1. Which one of Leu32, Gly62, Pro47 has its Cα pushed farthest toward the positive end of the charge dipole of segment 4-131, where Lys and Arg give +1 and Asp and Glu give -1 at the Cβ?
2. Per residue of segment 45-50, what does 6.51 cos²θ - 1.76 cosθ + 1.60 with θ = phi - 60° give for ³J(HN,Hα)? Whole Hz please, x for Gly and Pro, Karplus curve as stated.
3. Got a number for the accessible area of Asp91? Probe 1.4 Å, square angstrom, nearest 10.
4. Nothing charged except the Cβ atoms of Lys and Arg (+1) and of Asp and Glu (-1): what's the magnitude of the dipole of segment 20-178 about its Cα centre? Round to the nearest 20 debye.
5. Rank by packing, highest mean first: peptides 25-32, 136-143, 9-16, with packing defined as the count of other Cβ atoms within 10 Å averaged across residues.
6. Round to the nearest 10 and report in Å² the accessible area of Ser64, as given by a 1.4 Å probe over the protein chains' heavy atoms.
7. Report, to the nearest 10°, how far helix 16-36 tilts away from the longest principal axis of the Cα atoms in the chain, using its own Cα long axis and a range of 0 to 90°.
8. In square angstrom, rounded to the nearest 10, how much accessible surface does Ile33 have for a 1.4 Å probe?
Amino acid sequence: MELHQDDLDQAAGFPPWRAAEFLAGRATLRRLIREVRPDLADSAVRPDARGRPGLVGHPDVGVSISHDGGLSAAALAPGRRVGVDVQLPPDEPSDGMLRRLLREHAAPLERLPAPERARELAWVWTVQESCVKAAGTGLAGRPWAIAVPPGRRYGRWGQYRWASLRDTSPIPLSCAFTAREDPDSRVRTDAPPADLECRRA
């Protein structure tokens, strides 16, 4: 694990389990920064008033971190707001949870075997969670109200685009980001832009 002194200082007062989770997420982000923007490798990472992490002195560079069950993920997006979420499928999602997160899209999933249903639910939740992380609202943004059709790889929610990285990650991992229109581009796509990087560790 790659550790940064500022991250170690922030984790010093955490309970051991929380410090380990926090430092794993920060290490994932730091590896990504060193790869994509090495000039920012020594920047401090601090949460804003809503808890969204940011690079001190570089508010124009969007960053996001997620962790679940020993996994961590990070996203880096110069010039954009970004959110990332990684999620292990729940053991036994209830029908109530399925209906709450999927609403009108729940019925087809109710007929799937439990492991497939849990996996698809996790994919949907990573999209919903990454959207509210990008917006900086967290759970107060009611992620369960964001309509995400099962099986979709790309979509939009308000000013945010989202992408489920189903083709590159065996574990549910999604990111959301603000669009940056390119006046020279004749082709519009919801696919992740080239300047956005999401990684899992």
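1. Looking along the dipole axis, the top candidate is Gly62.
2. Whole-Hz 3J(HN,Hα) from phi for segment 45-50: 10, 9, x, 7, 4, 9.
3. It works out to around 140 Å².
4. Values: 23 positive and 17 negative charges, 93 e Å.
So the magnitude is around 440 debye.
5. Details: 25-32: 22.0, 136-143: 14.8, 9-16: 11.2.
Going by the mean number of other Cβ atoms within 10 Å, highest first, we get 25-32, 136-143, 9-16.
6. The accessible area of Ser64 comes to roughly 10 Å².
7. Once rounded, one gets 80 degrees.
8. Only protein atoms counted, so the area is about 0 Å².
The values are calculated or read from the model by the stated rules, or taken from the named source; none is laboratory data. Because the structure is predicted, anything quoted here is derived from the model rather than measured. For neighbour counting, all protein chains shown are included, and Cβ atoms are generated from backbone atoms with ideal geometry for every residue, glycine included. Ligands, DNA and RNA are stripped out before the accessible areas are found, and what is left, the full protein with its side chains, is counted by its heavy atoms. Shrake-Rupley method; radii C 1.70, N 1.55, O 1.52, S 1.80 Å.
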